[in-house]
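Beneath this line is the structure, given in structure tokens, with notes to follow.
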Amino acid sequence: MKEITLTPTRFENAIWEGHILSDAEPSIEAIYLDELLEGIELIPANGGWNLRIPVPIAALSDGVHCIAIYDADSDRKLSDFTIIAGTPAADDLRAEVALLRSELDMLKRAFRRSMAPKP
């Protein structure tokens with residue numbers, strides 16, 4: 001199994017960025033509301049890859065929105081980030097619930113893959 005390390009670097013202009021260190025080029029997925037995000041970029045840089053994930057406009061609205069980042073080959077979660085917009089509340093548990101929901105969705109996907117008939 002290849003070892004992947006993802007370090008967040010910045011979030012600006014609706015683009016989340018991070019740096020990936022890996023033995024081989026990774027296959028990255030980002031999931032928002034149980035949907036795969038489009039337009040993910042991996043750019044070779046500094047002995048690894050710069051990762052750019054465009055944040056959908058729907059995630060930049062009132063409420064708590066969580067985006068999870070996975071290694072597509074192993075279904076291992078590498079990182080996640082949460083966007084809270086509108087009137088934020090101190091010690092808001094909605095972010096934690098959104099993160100738990102994204103992890104539950106990952107478990108459901110892994111379970112479905114394991115139960116799918118093998119060709």
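FYI, it's all coordinate maths here, none of it is from the lab. Small disclaimer: the values here were computed from a predicted structure and weren't measured. All Cβ positions, glycine included, derive from the backbone under ideal geometry; neighbour counts span all protein chains shown.
Taking R0 as 22 Å, what FRET efficiency do you get between SER114 and ALA72 from their Cβ-Cβ distance, rounded to the nearest 0.05?
Result of the calculation: an efficiency of 0.90.
If each residue of separation counts as 0.36 nm, what is the full-extension length gain between LEU100 and ASN50 once their alpha-carbon separation is subtracted?
15.3 nm
So if I place +1 on the C-beta of Lys and Arg and -1 on the C-beta of Asp and Glu, and nothing else carries charge, what would the dipole magnitude of the chain be about its Cα centre? I want it in debye, nearest 20.
380
Once you place label points 7 Å from the Cα toward the Cβ at ASP62 and LEU36, how far apart are they in nm?
3.4
With unit charges on the beta carbon (Lys/Arg positive, Asp/Glu negative), name the residue among LEU99, HIS19, PRO44 whose Cα is farthest towards the positive pole of the charge dipole of the chain.
LEU99
Counting only residues 5 or more places away or on other chains, whose amide H sits under 5 Å from the amide H of TRP16 once H atoms are built in the peptide plane?
Placed amide hydrogens put ILE53, VAL55 under 5 Å from TRP16.
Normalised by the number of residues in the chain, what is the relative contact order in percent for Cα pairs under 8 Å and 6+ residues apart?
Relative contact order comes out at 21 percent.
Let me know the shape class of the chain, please: from the alpha-carbon gyration tensor, a ≥ b ≥ c as square roots of the eigenvalues, rounded when a/c is under 1.5, otherwise prolate if a/b is greater than b/c, or oblate.
The shape class here is oblate.
How much length would be gained if the chain were fully extended between ILE84 and THR7, taking 0.36 nm per residue of separation minus their Cα-Cα distance, in nm to one decimal?
So the chain would gain 25.6 nm between ILE84 and THR7.
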